[in-house]
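Below you'll find the structure, written out as C-alpha cells, and then a few comments.
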Amino acid sequence: MTQVHPPLLQTRRLFLFAPPVIAAGVLGRFLFVAGPQVGLPLQPHAPDWALLARQTPVLQIHIAAAVVALAIGLVLLAGIKGNRLHRTLGWAWVLAMATLAISSFFVRELNGGALSLVHLLSGWTVIILPMAVYAARRHEVVKHRGRMTGLFVGALVIAGLLTLFPGRLIWRVFLG
C-alpha cells in the first residue's frame, strides 16, 4: 500500500472537504440571510415526510439510495481503509451509488420529461464507479481513492446540495 505522510494527508482532506463546505456555506447564506430579503419563501419546519410518501416509487428509491450512500460514504471517508469493514461497506456504497445513478434516469421532473444536465453526473457515475472498483481490485490505491472521492463529492454532496434550491422536492420537505 501507498504510505501517505501526515501533512500530505491533512492537505488531501482539506481539498476533499473544503469545496462542499464552502458550497454549503454559500448556499446557506443565500437561503437564510439573503433569501428572505429578496422574497424567497423560506419557512423552515419539521420535515414533511408525507410529501416524500406521496412521490413515485422510483423517486423514493432514488432518495433512499442517496441517504444510504451519504451515510455509508461518510463512514468510509472517516474510517480505516483496506480492512474488511471498509470493503464490505464499500460494496454497499457502490450498490447504493449505482441505484442512485440508474434511478435518476427515470426522475425527469426538472426538464419537462427530458434528461437534464444533472443526468450528466449520473452518466459519469455509471462510468467511473466500475473503474474505481477495478482500481481497488488491482490495489491501485491512488486511482481508487481519487475516483471514489470524486464520486462522493461531485455526484453525491454537490448534487445533493443542488436539491436544496427553492421549489425542488427536498426544499419543500425541509424549508418550503
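Tell me whether segment 125-133 contains one or more residues that are over 22 Å from Arg54 (Cβ atoms) and polar (S, T, N, Q). So that I can check it myself, show each step before the final result.
Restricting attention to segment 125-133, the residues satisfying the condition of being over 22 Å from Arg54 (Cβ atoms) are 125-133.
So of that shortlist, the ones also polar (S, T, N, Q) come out as 125.
Yes: one or more hits.
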Among the residues in segment 91-104, are any in contact with a His (Cβ under 8 Å, 6 or more places away or on another chain) and not polar (S, T, N, Q)? yes
Can you tell me how many residues in segment 52-78 are surrounded by fewer than 17 Cβ atoms within 10 Å (Cβ to Cβ) and farther than 19 Å from Trp91 by Cα? 8
Kindly indicate whether Gly123 is surrounded by 16 or more Cβ atoms within 10 Å (Cβ to Cβ) and either under 18 Å from Ile63 (Cα atoms) or within 18 Å of the chain's Cα centre (by Cα) (or both). no
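Can you give me the ranges of the helices (runs of 4 or more DSSP H) entirely in segment 64-176 with at least 2 residues that are touching a Lys or Arg at 6+ places or on another chain (Cβ under 9 Å) and in contact (Cβ under 8 Å) with a residue 24 or more places away in the chain? Quick ask: steps written out before the conclusion?
Numbers: elements: 84-104, 118-137, 141-150, 159-162, 169-174.
The helices (runs of 4 or more DSSP H) meeting that bar are 118-137, 141-150.
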Can we say Leu16 is at pLDDT below 70 and closer than 17 Å to Val153 by Cβ? yes
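For (1) within 20 Å of Ile128 (Cβ to Cβ); (2) modelled with pLDDT of 95 or more, each residue gets a yes or a no:
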residue	(1), (2)
Ala69	yes, yes
Ile72	yes, yes
Leu77	yes, no
Gly82	no, no
Gly90	yes, yes
Ala101	yes, yes
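Scan segment 111-119 and give yes if some residue there is closer than 26 Å to Gln55 by Cα and modelled with pLDDT of 95 or more, otherwise no. Break it down into steps so the answer makes sense when it comes.
Filtering segment 111-119 down to residues closer than 26 Å to Gln55 by Cα leaves 111-119.
Cutting the leftovers down to modelled with pLDDT of 95 or more gives us none.
No, the conditions are met nowhere in segment 111-119.
The values are calculated or read from the model by the stated rules, or taken from the named source; none is laboratory data. Remember, it's a predicted structure, so these values are computed and weren't measured experimentally. For neighbour counting, all protein chains shown are included, and Cβ atoms are generated from backbone atoms with ideal geometry for every residue, glycine included.
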